[in-house]
Every structure is written in C-alpha cells, then in structure tokens.
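Computed from the coordinates by the stated procedures, all read-outs in this text should not be read as laboratory data. What you are looking at is a predicted structure, and each value in this text was computed from that prediction instead of being measured. Every residue, glycine as well, gets a Cβ built from its backbone with ideal geometry; the counts of neighbours run over all protein chains shown.
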Amino acid sequence: MGERRAREERRRAREFEAFVAGAAGRLLHAATLLTGEPFGAAPAAQDLLVGALSRTYADWDRLRGEDPYERTRHDLTARFAHTARRYRRPRGGMLDALPPQERLMLMLRMYEGVAEEQVAASLGLPVERVRGLCTRAMAEMLSRGGSREGGGPRGARPGAASLIASRMLGGLRHREDAAAAFPARRPAGAGREPGGAA
C-alpha cells in the first residue's frame, strides 16, 4: 500500500513539474503585468504565482480533465482581485499607472485573449463593466504611448489599440530570455488530463 502511494506521488510530481516547466514563464509574465512590477524584479508577482501553483498542485488529482493552465490562471486572478489594494502604488512596471482592476482586464483580455463573457463570468461582473474597464485601460495606455511618440488617443490610428497590445506582449521579445518568457500558448502538459498516463 505504501509503495503504491509513493508511486502515485512520484507520478503526480512528474506531471506537475512538466506542467510548471511549460507554463511558469507565461504565468509569471501575467502575474507581473497584474502587480505592475518591472519584469525581472517582481517578488509580489512571484508570491502570487507560487500561491496559485500551490493550489493547483494540491488539487492536481481532482482536476478531472480540467486544463491546469486555466485553473492556475483563474486562481492567480482570483488571488490578485482579492488583494488588489496591495498593488495600487506605482512599482515601475509596464501597467503600473493603471488601477489594479484595469490591469486585470488588460491582462486577461489582451495578454491571455480571454473573451469578455468569460472574464465577466469568472469575476462576477457584467460584460458591459468588463468592456468599459478594458476600454478605459486601453485609452490610458494609448495616451501614455502617444505622449512618447507624438499622438494621443485623438490622433490614434484605427490599429493603435493593437499596437499597444503588441507592446504589452512584446515587452520581453528583444531580450535574450524571450523564449523562456513566452512559452507556447498551450504549455506542455497543459492540455493533458491530470491523473492520466505520464
């Protein structure tokens, strides 16, 4: 009985380690966008992520086909939303000028590509509120980008929102660790059913 339990623990640890190896970079980037810290110096984002990953590991065998990436991201955003007041002051990151709730909307909508309806359902907000927060956050990002490049929201081209979004996504593209910071959209092990064959 003890040997069987030990085998199960080893299997679980291997599966979880494979998931973390594929997903941790992208999840840390998302957490860093949320906390408003600079990339590479984000202790609050690391704490958020460790808490979310710990919860995923604790529930690993009970996920029953649920995508562990989605589950971890959901827990990460719930933890952030619950403690958002801690992240109000500027910390020098890409989204630090935005209020925490707007950072959350931009991260989910632009970085993760989650549909408005899904964001609204997971946060218990009306779709119109999600849309409004995201629009306001994008306008703020456009005005910040415009002040550096000569043109704010009024003079913005139709594709300006896409430009801001690509800046968010491309924040680390020119660094040597770009491959580690941007793992594949579906991290290795993310679509595998927990508890399945290794």
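Can you give me the Kirkwood hydrodynamic radius for the range 1-143, using every pair of distinct Cα atoms, in Å to one decimal?
Details: mean 1/r = 0.0622 Å⁻¹.
For the range 1-143, the Kirkwood estimate is 16.1 Å.
Computed extension gain for residue 46 through residue 82, at 0.36 nm per residue and net of the alpha carbon distance, reaches 11.3 nm.
What does the net charge come to around residue 130 if you take all other residues with beta carbon closer than 9 Å to its beta carbon, with K and R at +1 and D and E at -1? Walk me through the numbers before you get to the answer.
Working: positive: 109, 129, 131; negative: 116, 117, 128.
Here the count lands on 0.
The mean sequence distance of close C-alpha pairs (under 8 Å, at least 6 residues apart), as a share of the length of the range 1-134, puts its relative contact order at 24 percent.
What order do you get for 63-74, 24-35 when each peptide is scored by the mean count of other beta carbon atoms within 10 Å, highest first? Intermediate values should be presented prior to the final figure.
Working: 63-74: 17.9, 24-35: 23.5.
Output ranking for 63-74, 24-35: 24-35, 63-74.
Taking each residue as 0.36 nm, the span from residue 6 to residue 24 lengthens on full extension beyond its C-alpha to C-alpha distance by 3.9 nm.
Counting Lys and Arg as +1 and Asp and Glu as -1 over every other residue whose Cβ lies under 14 Å from the Cβ of residue 13, the net charge comes to +1. A simple spin-label model places the labels of residue 13 and residue 139 5.3 nm from each other, with each point 7 Å out along Cα-to-Cβ. Highest average first, the peptides 90-96, 126-132 ordered by how many other beta carbon atoms sit within 10 Å of their residues are 90-96, 126-132.
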